[in-house]
Amino acid sequence: MADVKTLYDDVILDHIKNARNYHKIENASVKAEEFNPLCGDVINLYMVLDKEIISDIGFQCSCCGISMASTSIMTEKVLGRRRVEAQALAKQFIDMVERYKSEGEVKMENDALAVLATVREFPSRISCATLAWKALEKMLAT
Ligand code: ZN
């Protein structure tokens with residue numbers, strides 16, 4: 001039987017080594033810089049919001065692995081989505097991580113569950129995992 005924990009590590013590692021949408025967007029319509037004082041993570045997010053659709057999203061960061069992976073996963077999930085859909089996803093993700101929900105309780109894909117598994121193992125990293133998602137909520141609220 002495949003070790004579930006190993007699978008999750010691989011998913012997270014892949015997002016760290018091959019971070020999705022890791023680039024600055026010069027003509028971004030919404031920008032944000034988020035800082036996590038507990039870990040020292042700094043994330044810069046860039047988004048193009050076109051008629052309520054996230055038509056482009058990118059990020060750059062000076063941050064730890066879990067924060068990098070969670071941001072990469074976030075950008076991949078919300079790219080091309082409508083504002084309301086992305087807002088719902090962010091709410092769901094933050095709620096999941098902050099309450100340590102069990103996999104059975106949430107309907108999320110493997111990559112998001114991998115973040116959850118990591119946070120369950122290292123509870124001090126909750127703020128790293130939710131940083132980009134909270135930034136997303138702020139960006140979409142404007
Ligand atoms: Zn961190």
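Read the figures in this text as sums done on the coordinates, not as results from a lab. These numbers come from a predicted model, not from an experiment. Positions of Cβ are generated from backbone atoms using ideal geometry, with glycine treated the same way; all protein chains shown enter the neighbour counts.
Laid out as a table, the results:
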| read-out | value |
| --- | --- |
| Estimated dipole of the chain in Debye, rounded to 20 [Cβ of Lys and Arg +1, of Asp and Glu -1, Cα centre] | 320 debye |
| Rounded to 10°, Cα long-axis angle of helix 65-78 versus longest principal axis of the chain | 60 degrees |
| Calculated SAXS-style log₁₀ I(q)/I(0) at q = 0.18, 0.21 Å⁻¹ - segment 61-142, Debye, Cα scatterers | -0.68, -0.93 |
| Estimated 222 nm signal from helices in the chain, with DSSP H stretches of n ≥ 4 weighted -39500 (n - 2.57), rounded to 500 | -16500 deg cm²/dmol |
| Within segment 54-100, chymotrypsin sites (Phe, Trp or Tyr not before Pro) in DSSP loop having at most 15 other beta-carbon neighbours inside 10 Å | Tyr100 |
| Principal axis dimensions, largest first and in whole angstrom, of segment 2-141 by Cα | 43, 28, 26 |
| Simple label model, 7 Å out from Cα along Cβ direction - Val84 to Asn27, nm | 2.8 nm |
| Equivalent ellipsoid, segment 57-100 (semi-axes from 5 times Cα gyration tensor eigenvalues, Å) | 18, 16, 6 |
| In segment 12-68, trypsin sites (Lys or Arg not before Pro) in a DSSP loop with at most 14 other beta-carbon atoms within 10 Å | Lys24, Lys51 |
| Helix 4-17 vs. the chain, principal-axis angle (Cα, 0 to 90°, nearest 10) | 30 degrees |
